[in-house]
Amino acid sequence: MSFVRRYDGYYPGNDVISQIEGPVIVRLPPPSPINGVQQGTVGLAGEFADATYAVKVSATTGQISSNPRAVQIIVPQDVQNKLGGFDELLGNFGGEMGNGFVSLRNKAFAGLVCVPVDNITPATAGQSSYGVRFWRHLPTNQSATIPQPIVPVQAATVAAGRQFVDGGGHRVRVASAFSFGGQAAYLSGVDGSVTAGGGPAAHQTFLSAGGNFIANGVKVGDIVVLGVIGGALGLGSNAGTYRVQAVTDATHLELEMLDGSNFNWTNSPTTNLPYRIHVAATADTAGAVSSQHVAIATASGFSVPVRPIDASIAISTSLTPSVVPSTDTATAWDPLSGLTGMTSPTTGDGAGNHSVVYDANIHVNNGAGTAQLDARYTAAIDAMLSQKAPANGIKIVLASRKRATIREKIKAHVLAARAAGLTRRGICAPDLGVQATSSVIVNTEPGVGANRSEHIDYSWPYCTTTIPEAVGFALTGADGSTVLDGTLDTPFDEWLASLESNLPPENNPGQTAPPVPTLLASVTGYGRGIPDLQMNDYIALKAAGVAALFIDPGTNQPEIESGVTTSLVSSEVDIAGDRMADYIEDSIAIAMKPYSKLNQTTQLIETEFGEIVAFLEGLKSPNNPAQQRIVDYAVDPTSAQTADLTAAGITVFVVQVTLLQSQKNFVLQTSIGAGVVITNRR
């Protein structure tokens, strides 16, 4: 008799095997396949209408501070939902650009992560902006005996970028989308009672003998809809939407106007008034901040960041929408009826009277960049250096605004990221004022040579594309013209990023085969002011390391004439070569991670060797030429290994890979004529 023993997934060791006689079955797993690491996620820093991911708002004070962080864009609607729509005041059109929405419009990315630049908080020392509080009216009650809304209460959203004005015409734009809830009333009655003639005050007493307010959970900040708009006497004159300022006892509430202004109950009857009570979030943005202490005087209720357009706004200032929604009536209600905002009662500037602080260094409309704005871009790019998702998946980095400091930062970021184990490459371009080849091929800013590296790509000339959302806005073209039809000049680095994002890493982004025609289909031509570039221009651009846009005159198809990096080292010239090297290295490194800290056995080394070989064999694909991605490879697990390395727990694999070369030229050697004798046929 003997025992059969089975060990799945590991070799038990000779001491275990020799414990007793009998057959031993050891099933070891085959080498795990190495799944290639995608190289196509783009990280963009830019100026967006929605600054939710650029700032943070204190829950207790409403103070806004800079806090740029990465947000992943999964579906196209995420751009609108997380970053906002088109804002014609953001970016320097015809110059440095900077408008993040335009950077993304008409382009496809295999993966996209954005970091909005903080274009909200002032840059001047000692100054800070505070949030704004917004509210709306709810539909009136149906009648004196029916405390139900004339129409169901609906949720409503105010998109980032919506414009509001103060009494002096000074403008702000909402910098973070906000919503009102659609919750039905949780308490209602027809025995409401008020006392008229007590004199104007910030709050007045409301009575309901049957309300039982404490037991029903009424809270400060909840919304009370009283009376009937258009009703007779006090039924109508006291009608409106109020906020609970205090819960006095089971039958008494102190109510305030939504804007906190003084008021008084008026006219008879002042009893038997219909009322309903909704949670605060149905009509007040402060309702999403706290379930308590959100009366109008409480700073914590001012939580929505806004971007000042032309001036600082004083504390406790009423803001009305530039496009005013329909007024609520006895028979009709718009979900945003009564939409109004108010600035915080807390001062944020040195003068002591503004809570929304305008700083021209940050908030100037359509202007050239500043050192302060450069610093905001630097912070946004730094936010991509995180080891946490989604920032850690970024492979390609670029910025919407084209300035020397930002280009320098992109290169520094790429090198720092690679040193930290995050594979990155950067893509940049000059501003739209650079319109001559001679200005591009130089080694000083804004030329290509200022930030050379095999991990940096530089693209020019710029192109035009149509942005439907820009139609009707008077924007500046690169030649100084006024553009109204939405056909804007855009830097080509963003289009190059789309190509690199979607193409396999071994493919030359200069190819014209699919999917390139689709990816560049929205390019409508060379940008305004670009001269008639000739062959010698493109020869010079390639030699200098510029991935240059070329529009084929025969097909009108845009393409990259030469898929080159900015490096002038012969072995570092091709974009595809550097990207494919990153792909292979990353894929093998990720696959080897699970083996770290395991005992350095012969079996472990053979397993690692087998996985690397299997991965590279798959890339070579000798049995399926259509799937070939490399020419050849060799993996050597022994020649570089020394006893000292082994003793230190270090295993060295020498991996050599010959990459495919893109077919850049065709040579037709011809001999054509009546006397030609055919000597070679195939």
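Of note:
- Selection from segment 325-344 of residues that are in a strand (DSSP E or B), surrounded by 19 or more Cβ atoms within 10 Å (Cβ to Cβ) and among the hydroxyl-bearing types (Ser, Thr, Tyr): 343
- Looking at 632, 644, just one residue is charged (D, E, K, R) and assigned to a helix (DSSP H, G or I), and that residue is 644.
- Total residues in segment 539-570, condition at positive phi and either in contact (Cβ under 8 Å) with a residue 40 or more places away in the chain or buried (at least 17 other Cβ atoms within 10 Å of the Cβ) (or both): 1
- Scanning segment 650-682 for residues that are assigned to a loop (DSSP other than H, G, I, E, B) and surrounded by 11 or more Cβ atoms within 10 Å (Cβ to Cβ) gives 650, 651, 652, 653, 660, 661, 662.
- Selection within segment 452-495 - under 18 Å from residue 404 (Cβ atoms) and surrounded by fewer than 22 Cβ atoms within 10 Å (Cβ to Cβ): 452, 453
- Scanning segment 504-533 for residues that are part of a loop (DSSP other than H, G, I, E, B), within 24 Å of residue 489 (Cβ to Cβ) and of a type in the set (S, T, N, Q) yields 512, 522.
- Restricted to segment 383-471, the set of strands (runs of 3 or more DSSP E) holding at least 1 residues that are of a type in the set (Ser, Thr, Tyr) and more than 29 Å from residue 587 (Cα to Cα) comprises 463-466.
- Checked against the criterion of being in contact (Cβ under 8 Å) with a residue 12 or more places away in the chain and touching a helix residue (DSSP H, G or I) at 6+ places or on another chain (Cβ under 8 Å), the candidates 182, 192, 198 yield just one match: 182.
- Among residues of segment 601-624 that are on the phi < 0 side of the Ramachandran plot, those with a beta-carbon under 8 Å from a residue that is of a type in the set (D, E, K, R) and exposed (fewer than 14 other Cβ atoms within 10 Å of the Cβ) at least six positions away or on a different chain give the pairs 620/632.
- Set 429, 436: member being assigned by TED's automatic domain parsing to the domain that holds residue 404, at pLDDT 95 or above and surrounded by 17 or more Cβ atoms within 10 Å (Cβ to Cβ): 429
- Picking from residues in segment 228-259 that are under 12 Å from residue 202 (Cα atoms) and in contact with a Ser or Thr (Cβ under 7 Å, 6 or more places away or on another chain), the one that is surrounded by the fewest Cβ atoms within 10 Å (Cβ to Cβ) is 259.
- The residues listed here are 182, 198; of these, the one that is over 25 Å from residue 261 (Cα atoms) and not in a strand (DSSP E or B) is 182.
- Odd one out for residue 297, checked against (1) modelled with pLDDT of 95 or more; (2) in the same structural domain as residue 161 (by TED's automatic domain parsing): (1)
- The set of residues from segment 129-179 being within 19 Å of residue 226 (Cβ to Cβ), touching a Ser or Thr at 6+ places or on another chain (Cβ under 7 Å) and assigned to a loop (DSSP other than H, G, I, E, B) comprises 136, 137, 138, 147, 150, 153.
- None of 638, 646 is loosely packed, with under 13 Cβ neighbours inside 10 Å, among the hydroxyl-bearing types (Ser, Thr, Tyr) and either out of contact with any Gly (no Cβ under 7 Å at 6 or more places or on another chain) or within 25 Å of residue 564 (Cβ to Cβ) (or both) except 638.
Every residue, every condition in (1) more than 30 Å from residue 39 (Cα to Cα); (2) surrounded by fewer than 17 Cβ atoms within 10 Å (Cβ to Cβ); (3) of a type in the set (Lys, Arg), yes or no:
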position	(1), (2), (3)
318	yes, yes, no
352	yes, yes, no
358	yes, no, no
363	yes, no, no
384	no, no, no
421	no, yes, no
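- Inclusion of residue 347 among residues that are part of a strand (DSSP E or B), in contact (Cβ under 8 Å) with a residue 12 or more places away in the chain and either outside the structural domain of residue 237 (by TED's automatic domain parsing) or not charged (D, E, K, R) (or both) is not warranted.
- For segment 114-147, a residue qualifies if it is farther than 28 Å from residue 280 by Cβ, surrounded by fewer than 24 Cβ atoms within 10 Å (Cβ to Cβ) and among the aliphatic types (A, V, I, L, M), and the qualifying residues are 123, 125.
- Matching residues in segment 371-381 - criterion: being surrounded by 16 or more Cβ atoms within 10 Å (Cβ to Cβ) and either among the aliphatic types (A, V, I, L, M) or touching a residue at least 40 places away in the same chain (Cβ under 8 Å) (or both): 373, 375, 376, 377, 379, 380, 381
- Of all residues in segment 556-572, exactly one satisfies the criterion of being under 22 Å from residue 516 (Cα atoms) and out of contact with any helix residue (DSSP H, G or I) (no Cβ under 9 Å at 6 or more places or on another chain), namely 556.
- Matching residues in segment 260-281 - criterion: being of a type outside the set (A, V, I, L, M, F, W, C) and crowded, with 24+ Cβ neighbours inside 10 Å: 274, 275, 278
- Total residues in segment 196-240, condition of a type in the set (A, V, I, L, M), more than 47 Å from the chain's Cα centre (by Cα) and under 18 Å from residue 186 (Cα atoms): 2
- Only a single item in (1) surrounded by fewer than 16 Cβ atoms within 10 Å (Cβ to Cβ); (2) within 29 Å of residue 612 (Cα to Cα); (3) more than 27 Å from the chain's Cα centre (by Cα) is not met by residue 590, and it is number (3).
- Segment 493-520, residues that are within 13 Å of residue 105 (Cα to Cα) and either of a type in the set (Ser, Thr, Tyr) or in contact with a Ser or Thr (Cβ under 6 Å, 6 or more places away or on another chain) (or both): 494, 498, 519
- Pairs with Cβ under 6 Å, 6+ apart, first in segment 308-331 and on the phi < 0 side of the Ramachandran plot, second of a type in the set (A, V, I, L, M, F, W, C) and assigned to a strand (DSSP E or B): 308/172; 308/356; 313/356; 318/342; 319/164; 321/164; 322/165
The values are calculated or read from the model by the stated rules, or taken from the named source; none is laboratory data. Keep in mind that what you see is a predicted model, and the values were worked out from it rather than measured. With ideal geometry, Cβ positions are generated from the backbone for all residues, glycine too; neighbour counts draw on all protein chains shown.
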